[in-house]
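The values are calculated or read from the model by the stated rules, or taken from the named source; none is laboratory data. Note that this is a predicted model, so its numbers are computed, not measured. Every residue, glycine as well, gets a Cβ built from its backbone with ideal geometry; the counts of neighbours run over all protein chains shown. All accessible areas refer to the heavy atoms of the entire protein, side chains included, with ligands and DNA or RNA removed. Shrake-Rupley method; radii C 1.70, N 1.55, O 1.52, S 1.80 Å.
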Amino acid sequence: MATTAGLYIHIPFCAAKCPYCDFYSLSADDTSIHEYTNIVCKTLLNYSKKLNLRFDTLYFGGGTPSLLGNENLAKILETVRENFDFSEKEITLEMNPTTLPDLDLEKLRKDGINRLSIGVQSAVKSELKVLGRRHSVKDVEHTIKKAQNAGFKNISLDLMLAIPEQTVMSLKETIAFCAEQNVQHISAYILKIEQCTPFYKNKENLQLKTEDEQADMYLTMVSDMEHYGFEQYEISNFAKKNYASKHNLKYWNSQEYLGIGPSAHSFINGERFFYPRSLQDFLAGKIGPIKDSNGGTIEEYTMLKLRLCDGISNNDFKRRFGVDVPQSYFRKAKIFQNYGLTAVDRESIRLTPKGFLLSNKLISEIIF
């Protein structure tokens, strides 16, 4: 029987690079977009001959996937449908408000895309300027309204915490703005200063937040999201009931997924592999995916599951590995429970919101 997996397609194009962004993307033109679409379709066709995969989610990530436009997105979708068993539970397109004039949202919806992830980052003009974003708050409102009028009933917004000049009050303003838009999902990430970005090179001149300030903002966000009816289900993700991202849950539940495009990662048949960050090599077909490591180990599974609010349960663990969760995990996690960082019972281990702030250290301490 074919394995049900997720399909991720990386679109490495942006109209302009944001100074904080480390995702792989380059400037776009019509020729390179058209050529890239053809190579993606060819790559999908090749995989269909080698792997017996069944997909139920598809995620167009980037970059700015909406730059492909309706015709190219439809071509990729048609290729997937013609060459794979695809039950189409969730098809997500990431987009920025500035690409709206070039998209027919009603056609997107008719072609099968049923979820949009819109890059908002902030609802405060000065914070958008610091981040180098090219859209306005009005642009966001207009994009969401157009999407809703086109029939989209599953819309996610991306927010950012710990932006230079951001305060707890301005963050609350952004969260309230998002809640007022009647969307179903919000992702909220703490700003990380990545090497090789303009922000990293200029970090001495940025008013970066201290760890305590970041913690205050994160816990404020968790509280406000709950107030507005968004249930936290992962460190950085909040959803109305039944609207958690089906595709992203595959990552955190150690389920299989195939990634296409430069910088895209995959987990298939117990192996992890990825494409190098080179559009030129991908277009030329000079290099295929590179094996990263074996995946699906007990340690990796535990690490990923502890990103979820549900954490790890003994029943799920035993069903997957045939053994109980190691008692050492429970013993170590109970120590952190005394500090309000974990929640432990006889069957499960979970991190609390305070624990999520220290997730990397806590998870390492529990596993190793």
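Structure values in brief
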read-out	value
D (Stokes-Einstein, µm²/s), Kirkwood Cα radius, segment 306-368, 0.890 mPa s at 25 °C	213 µm²/s
Cα-based Rg of segment 49-139 normalised by 2.2 N^0.38 Å, two decimals	1.27
Values of log10 I(q)/I(0), in the order q = 0.31 Å⁻¹, for segment 111-160 under a Debye, Cα-only, solvent-free model	-1.19
Per the chain, cysteines lacking a partner by the 4.7 Å Cβ criterion	14, 41, 178, 196, 309
Proximal charge balance of residue 337 [Cβ under 15 Å; K/R count +1, D/E count -1]	+3
Accessible area per residue in Å² at 1.4 Å probe, computed on segment 180-278	50 Å²
Of 110/250; 129/201; 50/89; 192/354; 146/354; 145/172, those spanning more than 27 Å from alpha-carbon to alpha-carbon	146/354
Beta bridges by DSSP in the chain, antiparallel share as percent, to the nearest 5	35 percent
Calculated Rg and Dmax of the chain using C-alpha coordinates, Å	20.7, 59
For the chain, size of Cβ-based charge dipole, Lys and Arg +1, Asp and Glu -1, in debye	540 debye
Linear extension gain, residue 231 paired with residue 82, 0.36 nm per residue minus alpha-carbon span	50.0 nm
Solvent exposure of segment 1-128 as accessible area per residue, Å², 1.4 Å probe	41 Å²
Inter-site label distance for residue 345 and residue 219 at 7 Å from Cα along Cβ, in nm	2.5 nm
Overall Cα dimensions of segment 214-368, principal axis frame, Å, largest first	55, 39, 28
Cα-based convex hull volume of segment 15-82 per residue, rounded to whole Å³	103 Å³
Cross-link partners of residue 125 among aspartates and glutamates (Cα-Cα below 18 Å; sequence separation of 8 or more within a chain)	139, 141, 158, 165, 173, 180
Carbon + sulfur, % of accessible area of segment 167-242 - ligands and nucleic acids excluded, 1.4 Å	45 percent
Accessible-area composition of segment 98-160, carbon plus sulfur, in percent [1.4 Å probe]	46 percent
Which of 206, 306 is most accessible, then next, and so on - probe 1.4 Å	206, 306
The chain, helix-only ellipticity at 222 nm - DSSP H runs n ≥ 4, -39,500 (n - 2.57), divided by all residues, nearest 500	-12000 deg cm²/dmol
